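Right, one structure below, let's go through it.
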Amino acid sequence: MPRALITGITGQDGLYLAEYLIDKGYEVYGLVRGQSNPRREILHRMIPEVKILTGDLTDISSLIRVLSIAEPDEVYNLGAISFVGYSWENASLTSDVTAFGVLNMLEATRLYAGRDIEKVRFYQASSSEMFGKAQEVPQTERTLLWPRSPYGVAKVYGHYMTITYRESYGMHASSGILFNHESPRRGPEFVTRKVTRAVARISLGLQQELALGNLDARRDWGFAGDFVEAMWLMLQQPTPDDYVIATGRDHSIRDLLDVAFSTVGINDWSEYVTRDPAYLRLADVESLVGDSSKARSVLGWEPKMDFPSLISMMVNHDLAEQKVLVR
Ligand code: NDP
Ligand code: GDR
């Protein structure tokens, strides 16, 4: 039975990846932080097969302990402070977790492997936010990195540190440069879920308006369930490498509003949507769209769910959830 350790297992991707690996017959260990983290119980209820271990990416001794218990064949480092907007307000903490946490995890994994560096494979959750002020369209593995936020800068550090461990120690360490991916498990602070939840509540008469920031931003949005498969495929390759994972199609926030509101039969959303400068970023990433040709040809990966199906699925999930909450 192969063994995997996932950091960030209580997050959107961690949950999908854990289910995916368990379906494949893996024994899955999950790193959960904090002494009374409410997500520990939620994870246990959702996926009881996961073996939960306590640790924190900022505490290398906890990572060394967790690795010695889990004895993984594969490590998926998904843990991070992942909300871009928050990263300006907590730039130092974001660097500690999202940047130096990667170094801690790589170093703990190297120590765990000892002389047999090939006994473990490592996945790093890199991000399209590293392209920031994108220097070419679409973005590939060779596009210049130009991050625009403390989060983006932290991810660049983790990305290059992963490459450095690969090149210095011969570690099988790969980075997935993932573009935005969403699902009903997406945190409500991110724009897709914020919109789908508000649309559900507006259609049920529970909310009157939805305040947003930059409506012209464009993103390449895919489904998280499709994207975790790419993480696994990277670690099954004979050699480690970096891959862009994206759908190749971008949409604006206005397109997102069109699809979400039309799912509940509202064609003109202008009377419900207001603009609030509090949601504008100090330096926004205006537009991102990825070219995942390399992943398609080398990994045989491709996304299955398109943008309208994804957003409609999220709205329908939120409708059902809100109905239960008000019952
Ligand atoms: P989430 O924000 O949903 O999950 C983040 C996870 O990191 C949570 O499990 C959180 O734990 C954990 N975490 C936070 N701080 C620490 C810490 N100090 N020590 C250990 N764990 C910690 O993110 P996603 O699932 O959406 O993303 C997964 C990864 O992929 C992240 O690294 C993200 O930056 C990256 N990424 C995501 C993309 C996306 O579109 N979703 C695109 C590209 C990259 P807790 O529950 O306790 O807060
Ligand atoms: P992003 O996702 O920053 O791309 O990072 P988010 O959904 O937060 O923002 C996308 C775009 O929408 C614009 N926007 C708003 N965003 C939020 N959150 N709230 C609003 O009210 C709002 N109005 C407009 C933003 O300005 C932005 O342009 C996500 C995270 O998952 C990262 O961890 C990951 O690395 C990247 O995707 C790829």
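The values are calculated or read from the model by the stated rules, or taken from the named source; none is laboratory data. No experiment lies behind these values; they were computed from the predicted model shown. FYI the Cβ positions are ideal-geometry reconstructions off the backbone, even for glycines, and counts take in every protein chain you see. Ligands, DNA and RNA are excluded from the accessible area calculation, which covers all protein heavy atoms including side chains. Shrake-Rupley method; radii C 1.70, N 1.55, O 1.52, S 1.80 Å.
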Can we say Val195 is of a type outside the set (Ser, Thr, Tyr), out of contact with any His (no Cβ under 6 Å at 6 or more places or on another chain), within 11 Å of ligand 2 (Cβ to nearest atom) and not in a loop (DSSP other than H, G, I, E, B)?
-> yes
Which of the residues that make up the stretch 168-192 are outside any loop (DSSP other than H, G, I, E, B) and either β-branched (Val, Ile, Thr) or open to solvent by 30 Å² or more (accessible area, probe 1.4 Å) (or both)?
-> Ser168, Tyr169, Ile177, Val191, Thr192
State yes or no: is Ala246 within 15 Å of ligand 2 (Cβ to nearest atom) and among the small types (Gly, Ala, Ser)?
-> yes
Which condition does Gly55 not pass, out of (1) near ligand 1 (Cβ under 10 Å from one of its atoms); (2) within 30 Å of Pro238 (Cβ to Cβ); (3) not aromatic (Phe, Trp, Tyr), if it passes all the others?
-> (2)
Enumeration of residues in the stretch 114-130 that are open to solvent by 50 Å² or more (accessible area, probe 1.4 Å) and part of a loop (DSSP other than H, G, I, E, B) | Arg115, Asp116
Flag for Leu282 being loosely packed, with under 13 Cβ neighbours inside 10 Å and in contact with a helix residue (DSSP H, G or I) (Cβ under 7 Å, 6 or more places away or on another chain) | yes
Would you mind listing the strands (runs of 3 or more DSSP E) fully within the stretch 1-104 where at least 1 residues are surrounded by fewer than 23 Cβ atoms within 10 Å (Cβ to Cβ), polar (S, T, N, Q) and in contact with a helix residue (DSSP H, G or I) (Cβ under 8 Å, 6 or more places away or on another chain)?
-> 51-54
Taking the condition open to solvent by 30 Å² or more (accessible area, probe 1.4 Å), touching a residue at least 60 places away in the same chain (Cβ under 8 Å) and within 13 Å of ligand 2 (Cβ to nearest atom), does Lys133 pass?
-> yes
For the stretch 134-163, name all the residues that are of a type in the set (Lys, Arg) and over 20 Å from Glu89 (Cα atoms).
-> Arg142
Those residues of the stretch 220-239 that are open to solvent by less than 20 Å² (accessible area, probe 1.4 Å) and within 30 Å of Pro277 (Cα to Cα) come to a total of 4
